[in-house]
Amino acid sequence: MECARHPGVETYLRCGKCGQPICLKCTIQTPVGARCPACARLQPLPTYQVSLLYYVRAAGAGIFMGVASGIFWGILSPALPIFYFNLLVALGLGYAVGEVISLSVNRKRGRGLQVIAGACMLISYVIGQGFISITVLDLLVLAVAIFMATERLH
């Protein structure tokens, strides 16, 4: 017999649901056996299906947290002249921003939410530290903060 989707390709395999002949290229392994693409109906996990309303909620919560953490960072920064303490503050604030965004969207995840978290951490850094004199260490601190915020939504 020949595959229904690829004429000329011989196969001995059939879809476990509809019985249509399928080749190895068409086969999708499911928990109940081999299925054709039509019967398998692959969909992304609900955790990664983010609606426009969730993006708006994430942006609102993220901007609020970005501004609040930026003010906190700005107040705390002169008291912490040592680089390592600033790095620890960046880790904590990045985690907090990512966690608040995650909570605001009911623990959804995705690339768009990561972009929002990264932008909010950039806002936080600009408010707290400014761009007057940027050193390599400041860029490292910003990168760590953005990484921490985005990993909460990965």
Amide H neighbours of Ala34 under 5 Å, at least 5 residues apart or on other chains, H built in the peptide plane: list them.
-> Gly16
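If you take the beta carbon distance between Arg5 and Leu45 as r and set R0 to 35 Å, what does 1/(1 + (r/R0)^6) give as a FRET efficiency, to the nearest 0.05?
Between Arg5 and Leu45 the formula returns 0.85.
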Whole-number Å³ per residue for the convex hull built on Cα positions in region 1-42 = 58 Å³
Regarding the chain, what are the three Cα extents along the principal axes, ordered largest first, in Å?
-> 76, 32, 23
Pairing the Cα long axis of helix 83-104 with the longest principal axis of the chain, what angle in degrees results, from 0 to 90 and rounded to the nearest 10?
-> 50 degrees
Provide the FRET efficiency to the nearest 0.05 for the Ala143-Val32 pair, computing r from the beta carbons and using R0 = 41 Å.
-> 0.35
Summing -39500 (n - 2.57) over every DSSP H run of at least 4 residues in the chain and dividing by its residue count gives a helix-only mean residue ellipticity at 222 nm, to the nearest 500 deg cm²/dmol, of -18500 deg cm²/dmol
List the extent of the Cα atoms of region 86-132 along each of their three principal axes, largest first, rounded to whole Å.
-> 36, 19, 14
Please compute the net charge surrounding Gly92, taking Lys and Arg as +1 and Asp and Glu as -1 over other residues with Cβ under 13 Å from its Cβ.
-> 0
Acute angle (nearest 10 degrees) that the helix 136-151 long axis makes with the longest principal axis of the chain, alpha-carbon atoms = 40 degrees
With axes computed from alpha carbons, what is the tilt in degrees of helix 111-128 against the longest principal axis of the chain, rounded to the nearest 10 within 0 to 90?
-> 0 degrees
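Coordinate-derived values only; no laboratory data. Values in this document were obtained by computation on a predicted structure and should not be read as measured data. We place every Cβ from the backbone using ideal geometry, glycine too, and count neighbours over all the protein chains shown.
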